[in-house]
1. What are the residues whose amide H is under 5 Å from the amide H of G44, where those residues sit 5 or more places off or on another chain and H is modelled from the backbone?
2. On a 0 to 90° scale, report how tilted helix 16-39 is relative to the longest principal axis of the chain, with both axes built from alpha carbons and the result rounded to the nearest 10.
3. Note down the nm distance, to one decimal, between modelled labels 7 Å out along Cα→Cβ at A60 and at V25.
4. Go through the chain and name the chymotrypsin sites (Phe, Trp or Tyr not before Pro) that are in a DSSP coil and have 15 or fewer other Cβ atoms within 10 Å of their Cβ.
5. Using only the heavy atoms of the protein chains and a 1.4 Å probe, how would I26, I4 rank by accessible area, largest first?
6. Quote the relative contact order of the chain in percent (integer), defining contacts as alpha-carbon pairs under 8 Å separated by 6+ residues.
7. Where only protein heavy atoms count, and the probe is 1.4 Å, what is the accessible area per residue for the chain in Å²?
8. Just going by the charge dipole of the chain, with Lys and Arg at +1 and Asp and Glu at -1 on Cβ, which of V49, V25, L10 is farthest out on the positive end?
Amino acid sequence: MPAIRAVSWLSRNVDEFRLAVALVVIGVPVTLTGAVLYALPGSGFPELVVGLSCLVAGLAMLGSNAGRR
């Protein structure tokens, strides 16, 4: 039952704009962390890719919603 309540709450309170902002907020530090790990001797490529994908997806969502807000 708690899962159904969580899904119900999410569908009522999270709109596209909030999701896009959350993706950008998550994408920026993950991208920076991945870039630092990639520059240092270590495997930072997966973090870099995940961060960039979150960042680009969030910015695309914000850009597509820019005229409607």
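The values are calculated or read from the model by the stated rules, or taken from the named source; none is laboratory data. Note that the structure is predicted; figures quoted are calculated from it, not measured. Backbone-built Cβ (ideal geometry, glycine too); neighbour counts: all protein chains shown. With ligands, DNA and RNA removed, areas are computed over all heavy atoms of the protein, side chains included. Shrake-Rupley method; radii C 1.70, N 1.55, O 1.52, S 1.80 Å.
1. The list, which skips near neighbours in sequence, is Y38.
2. Once rounded, the angle reads 10 degrees.
3. Here the answer is 2.2 nm between the modelled labels.
4. none
5. Ranked from most to least accessible, the order is I4, I26.
6. 35 percent
7. Accessible surface, normalised per residue, equals 74 Å².
8. L10
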